Amino acid sequence: MAAFQPLVFSGVQPTGNLHLGNYLGAIRRWVALQADYPCLFCVVDLHAITVWQEPADLERQIREVTAAFIASGIDASKHILFNQSRVPEHAELAWIFNCIARLGWMNRMTQFKDKAGKDRENASLGLLAYPSLMAADILAYRATLVPVGEDQKQHLELTRDIAAKFNHDFSERIEAKGLGHPIAMGDETVQGFFPLTDPLIEGPATRVMSLKDGSKKMSKSDPSDLSRINLTDDADTIARKIRKAKTDPDALPSEAAGLAGRPEADNLVGIYAALADRPKTDILAEFGGRPFSEFKPALANLAVEKLSPIADEMRRILDDPAEIDRTLRDGADRARAIASRTLADVKSIVGLLNG
Ligand code: AQP
């Protein structure tokens with residue numbers, strides 16, 4: 001059989017307001033990938049309920065995230081945009097992966113440790129099994145490329161581990177049924193049913209940090225709204241949050257080495273570089289030696305210039321929730337056509353009668 005076709009899959013949880021980290025670390029890069037690959041973009045609502053969500057908020061957030069995708073430039077007619085729970089094959093494949101993955105693998109996940117906190121016994125089972133569902137999201141389409149922020153790297157390694165173990169455990173069945181594709185493993189080429197997906201973690205903003213603490217990532221679930229710039233923030237709010245962002249008393253350095261040990265300065269320069277689509281070195285050459293009182297207004301202007309059109313477009317899209325739902329349903333139908341074929345093959349490989 002031929003090699004796996006390149007295919008992009010990525011998702012965002014509808015757990016609250018999308019922020020600049022989600023935009024720069026994920027969505028903006030998805031927009032660029034659309035020109036080169038077939039893509040699936042997913043609002044991962046089943047992931048969201050691994051921690052408590054108010055049902056009415058969840059419904060609203062699913063529509064908001066969808067509107068943010070479209071407003072940012074995702075083309076739902078050329079690619080596939082859908083919400084995860086409309087394609088039941090994700091949950092079904094995740095169950096099979098729960099039986100492939102090992103408990104020790106899940107226990108090592110830093111996101112589980114962070115989100116479960118000290119009271120692990122009280123965390124949902126879904127939160128522990130989150131990476132299995134993420135592997136199913138990706139592998140239901142046998143996606144080869146997943147653009148994500150740095151925080152998802154460990155989960156993607158686990159997706160590769162699940163794919164490799166499945167390919168290995170069922171290698172004879174895969175070969176006997178002629179369902180294998182060649183996979184390069186070092187000098188060797190082996191046959192596998194699932195690809196070993198590559199993460200795409202690139203650019204100056206793979207880890208946008210909190211505006212209040214340069215050691216914590218910008219996050220939807222941070223209790224402080226001042227820690228993040230939401231895609232729906234208006235110009236005044238963006239300017240106020242940047243003005244109040246934590247910094248140090250020194251001027252900006254002229255070279256990257258001068259950012260060492262200055263996480264907040266490094267973060268703001270990284271945000272500027274990503275928004276301007278210019279290297280950090282360029283930004284430092286321009287602003288080196290100048291105080292934050294000059295840099296922050298320039299950053300605020302740039303953020304408003306880039307984000308305001310998205311917020312305006314989001315508001316317009318959200319005025320018509322029925323159209324958003326129609327888009328998601330149409331995307332789910334097209335996604336399901338692919339995922340159901342994968343599931344049928346997986347069941348026949350595993351020995352689950354399904355004729
Ligand atoms: N701070 C960030 N910098 C760069 N990329 C980021 N991403 C998230 N935060 C940053 C990327 O956005 C995509 C979607 O993330 P998610 O919604 O699935 O969940 P998350 O990574 O857990 O994001 P949050 O905002 O921190 O949500 P909560 O608070 O609900 O957990 C992913 O590609 C992620 O890498």
Treating every alpha carbon of the range 231-303 as one equal point scatterer without solvent, the Debye formula yields log10 I(q)/I(0) values at q = 0.15, 0.22 Å⁻¹ of -0.45, -0.95
Between ARG240 and GLU59, the two model label points (7 Å from Cα along the beta-carbon direction) sit apart by a distance in nm of 3.1 nm
In terms of the alpha carbon gyration tensor, root eigenvalues a ≥ b ≥ c, rounded if a/c is under 1.5 and otherwise prolate when a/b exceeds b/c or oblate, the range 60-129 is prolate
Stretched fully, the stretch from ASP333 through THR281 gains (0.36 nm per residue minus C-alpha distance, one decimal, in nm) 14.2 nm
Quick calc: nm separation of the 7 Å Cα→Cβ label points for ASP250 and THR189 -> 5.3 nm
For the chain, the charge dipole (Cβ of Lys, Arg +1; Cβ of Asp, Glu -1; about the Cα centre) points to a positive end, and the Cα of VAL148, MET185, ALA129 closest to that extreme belongs to ALA129
Answer in debye to the nearest 20: the dipole magnitude of the chain about its Cα centre, from +1 Lys/Arg and -1 Asp/Glu charges placed on Cβ, is 400 debye
Helix 89-98 sits off the longest principal axis of the Cα atoms of the chain, rounded to the nearest 10 on a 0 to 90 degree scale, by 80 degrees
Low-density loop trypsin sites (Lys or Arg not before Pro), the range 35-95, at most 16 other Cβ within 10 Å, DSSP non-H/G/I/E/B, are LYS78
A student applying the Cα gyration tensor rule (rounded when a/c is under 1.5; otherwise prolate if a/b is larger than b/c, oblate if not) would label the chain prolate
The pairs in LYS165/LYS220; LYS220/LYS244; LYS153/LYS244; LYS78/LYS165; LYS216/LYS296 lying past 25 Å Cα-Cα in this model are LYS165/LYS220; LYS153/LYS244; LYS78/LYS165
Taking a straight Cα-to-Cα line shorter than 16 Å from LYS347, and setting aside same-chain aspartates and glutamates fewer than 8 residues away, one finds GLU89, GLU92, ASP169, GLU172, GLU175
Measuring from its Cα centre, the range 208-286 shows a charge dipole (+1 at each Lys and Arg Cβ, -1 at each Asp and Glu Cβ) which, in debye to the nearest 20, is 300 debye
Candidates SER77, SER219, SER132; GNM for the chain (alpha-carbon contacts under 10 Å) flags as most fluctuating SER77
Per GNM of the chain with C-alpha springs under 10 angstrom, the most fluctuating residue out of GLN191, GLN53, GLN84 is GLN53
Rg (one decimal) and Dmax (whole number) from the Cα set of the range 180-301, in Å, equal 19.0, 59
Calculated from DSSP helices alone, with each H run of at least 4 adding -39500 (n - 2.57) and the total divided by the residues of the chain, [θ]222 nm to the nearest 500 comes to -15500 deg cm²/dmol
Yeah, the range 101-195 with a ≥ b ≥ c from its alpha-carbon gyration tensor (a/c under 1.5 is rounded, else prolate when a/b outruns b/c, oblate otherwise) is prolate
With DSSP loop assignment and no more than 14 other C-beta atoms within 10 Å, the GluC sites (Glu not before Pro) in the range 171-221 are GLU202
In degrees rounded to 10, the 0-90 angle between helix 235-244 Cα long axis and the longest Cα principal axis of the chain is 80 degrees
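No lab work stands behind these numbers, since they all come straight from the coordinates. What you see is a predicted model; the values in this text were computed from it and never measured. For neighbour counting, all protein chains shown are included, and Cβ atoms are generated from backbone atoms with ideal geometry for every residue, glycine included.
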